[in-house]
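A short worksheet on the structure shown next.
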Amino acid sequence: MSSKPLQVPTDLFIRQFKWHMTMIVGSVVAICILYIRVSWRDSTGPLPPRPHPACKSSVSLLQELSDLTHLLHWPPTPGDGGNLLSSTSPQTSTYHLRGPSQASYTLGGYLEAILVARDHQGRPKTHGGDLFRAQLLGPYLKAGVPGDIQDLENGTYLLTFPLLWAGQVQVQVRLIHSSEAVGVLRGIWRDQWATVDFTGYFRGPTGHEEIATCNVNPLLTGEEESTCHYRDEDTGELWFCARPPTLPCDSLVGHSSGHYWNVTTPREEALLAWNVTDKVLPQGISPIWVAKESNKSLVLSPQQPCYPGIPGPRPSGFYHRAVWHSRSCSSRSFSTAAGVLDCLAGRIVHMMGDSTLRQWWEYLRDTVPSLKPVDLHATYHTGPLMAVETTRGIVLHWRAHSWPLRSLRTPVASLHSVVRELGGLAGGPHTVVVLGLGAHFSTFAPSVFVQRLAGIRAAVAALLAREPPTLVVVKLANTGYKSVYGSDWFTLQVNRLLRAAFADLRVAFVDAWDMTSSLALPDRIHPGRLIVRNEVNVFLSFVCPT
């Protein structure tokens, strides 16, 4: 990572003041990305190679902050949010059809249901804010689609499911987090600068090593006398480590995960316990039958090819016979190594992000025997990784984004910012960029992720301005985590920010959230091969739309 160390001995008060001023200024800059129509020119117009966000005047700052709050809006939890018996229960909450049951339903239509949240004593809730997940499943067809959940904010929820395949289907609803548990998560996200720390490794000229605590905030390093500040030259973002006992700040050579902090009380832990988290509600609707329409058994994907910037409906797609069907474009299936090779021929693919994106690299490596990995003698879990297919001119890169990164020990020099990598790309019709961000930012206040997105969006805008044929794909974060360190509720907020940041740029989205929310499969932060295969197929459908 390109950065300059600065040793700054200060007392706690001055450091805290400087830190808050830095975050305020950074947030003002970063929030500009969320309302791009006002703050940015059209991406097809001429832009300088390294643009900077055009910040609004201080007069509009309050409006900007209000807009950000609206973007991350979630119904509040009134009253005593820490009372387990008063919290939403997966055992007593119920759901039923909105209207009378029918003998059969029409393919292409919709099914609606009403969900009534109840507490552990069976009393109906009077406010919203629960995180439910609703699915319409066709288990015999390996089919599934996520339902839309409208929070009516009175303890009831409207569930809507598109009927996209013929046959027997079944509604399933899960309570991921009660509104009271979400209240705990909201408080942590709002009040805690972080819920984890990191370890920095310092090495002197004789090989002597020392370690220190590092983090996004100097107050979180545990060092009250002095800290080492590291400024990324490409993004301006800061990283902090406690000053090691004897070695200088510029001797930082390694980075790894540190500790997970205890940030909850016993009452809060009870609201997030396994026995009330991610639980299926009792069956409320009998299986229904969806009849064929004009002898069709499937709502086909639109005939238009997949291209960047295409509007995305909700839900973005569905599974049928274990194959994902996009609802926005004609997604393709690349079921053979030859098909993948034909698609990627002559292309250089740059994947930058977390380990869920590394799964794409691993899938392609394992699926295409002639795609050979090159040993770069790097730490595997952080990269860089590379695979090549010389006869077809294919190069496939993956590397982790820079700190904050929970990882095994890795050289600091290998932690390149995404902005730095994007700035070094010439781009063009043979260049494909894939970004996968989110999982490692759920342990920090949202302003940290917003600031990161501001720099990345500027770099993507510059890349597309200098070479419009460059394909940029954004992988949304998937489901998986269910704790204070990484919850699906956090992931929902991260995906809202991702969509807003790139909304007006000509980029493609792979909706990993919907793709991991559609089938009755165990939630894992690293999805299984069926999910990864379909994610890669959607990605390749943008690379080779026809």
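Show me the ranking of peptides 476-484, 383-391 by mean Cβ neighbours inside 10 Å, starting with the highest.
Numbers: 476-484: 22.3, 383-391: 17.3.
Result, highest mean first: 476-484, 383-391.
Among beta bridges from DSSP that stay inside the chain, the antiparallel ones total about 80%.
Scoring 308-321, 424-437, 502-515, 230-243 by mean Cβ neighbours within 10 Å over their residues and listing the highest first yields 502-515, 230-243, 424-437, 308-321.
Label point of E210 set 7 angstrom out along Cα-Cβ; within region 226-242, amide nitrogens under 12 Å from it belong to 226-228, 242.
Among 366-376, 409-419, 328-338, the peptide with the highest mean count of other Cβ atoms within 10 Å heads the list, and the full ranking is 409-419, 328-338, 366-376.
Determine, from the Cβ-Cβ distance of A322 and E153 and an R0 of 35 Å, the FRET efficiency 1/(1 + (r/R0)^6), rounded to the nearest 0.05. It comes out at approximately 0.45. Surface composition of the chain: carbon and sulfur atoms hold 56% of the protein heavy-atom accessible area at a 1.4 Å probe. Label-to-label distance, T199 versus S257, with points set 7 angstrom from Cα along the beta-carbon direction: 1.2 nm. Relative to the current alpha-carbon distance between T246 and L85, full extension at 0.36 nm per residue lengthens the span by 52.6 nm.
Ligands, DNA and RNA are left out, and with a 1.4 angstrom probe the accessible area of the chain is 42 Å² per residue. Considering only beta bridges that DSSP places wholly inside region 325-462, some 40 percent are antiparallel. Straightening the chain between T390 and S335 buys 17.7 nm, computed as 0.36 nm per residue apart minus the Cα-Cα spacing. In this simple spin-label model, placing a label point 7 Å from the Cα along the Cα-to-Cβ direction at both T546 and R529 gives a separation of 3.4 nm. Among beta bridges identified by DSSP and lying wholly in region 398-527, the antiparallel ones come to about 20 percent. Shown in residue order for region 356-370 are the 3J(HN,Hα) couplings computed by the Karplus curve 6.51 cos²θ - 1.76 cosθ + 1.60 at θ = phi - 60°: 5, 7, 4, 4, 5, 4, 5, 4, 5, 4, 7, 7, 10, x, 7 Hz (x for Gly and Pro). Taking GluC sites (Glu not before Pro) across region 166-232, the ones in a DSSP loop with at most 13 further Cβ atoms lying within 10 angstrom of their Cβ are E224, E225. Whole-Hz Karplus values for region 501-518 come out as 5, 10, 4, 9, 9, 7, 10, 9, 10, 10, 7, 5, 4, 5, 6, 9, 10, 9 Hz, taken residue by residue from phi with 6.51 cos²θ - 1.76 cosθ + 1.60 and θ = phi - 60°; glycine and proline positions read x.
Between L371 and residues 5 or more places away or on another chain, which pairs have amide H atoms under 5 Å apart, with H built 1.01 Å from N, and which residues are they? Under 5 Å from the amide H of L371 lies no amide H from a residue far enough along the sequence or on another chain. Residue separation of S483 and L521 scaled by 0.36 nm, minus their Cα-Cα distance, works out to 11.8 nm of gained length. The H on the amide N of S407, modeled in the peptide plane, is under 5 Å from the matching H of S257, each at least 5 residues off or on a different chain. Rounded to the nearest Hz, the phi-derived 3J(HN,Hα) couplings of region 283-293 under the Karplus curve 6.51 cos²θ - 1.76 cosθ + 1.60 (θ = phi - 60°) are 4, x, 9, 5, x, 10, 10, 9, 7, 5, 10, where x marks glycine and proline. Positive end of the dipole of the chain (Cβ unit charges, origin at the Cα centre): among T479, V216, G187, the Cα lying farthest that way belongs to T479.
Each 10 Å bin from 0 upward holds the following percent of the Cα-Cα pairs of region 494-546: 21, 44, 32, 3. Using only the Cα atoms of region 244-374, build the gyration tensor, take square roots of its eigenvalues as a ≥ b ≥ c, and label the shape rounded, prolate or oblate: rounded if a/c is under 1.5, else prolate if a/b is larger than b/c, else oblate. Oblate, because a/c is 1.5 or more while a/b does not exceed b/c.
Remark on G254: its backbone amide H falls under 5 Å from those of Y201, V412, a criterion applied only to residues 5 or more positions apart or on other chains, H modelled at 1.01 Å from N.
The values are calculated or read from the model by the stated rules, or taken from the named source; none is laboratory data. The shown structure was predicted, so the numbers you read here are calculated from the model rather than taken from an experiment. In this analysis, Cβ positions are derived from the backbone assuming ideal geometry, glycine residues included, and neighbour counts consider all displayed protein chains. Areas reflect the complete protein model, heavy atoms only, side chains present, ligands, DNA and RNA absent. Shrake-Rupley method; radii C 1.70, N 1.55, O 1.52, S 1.80 Å.
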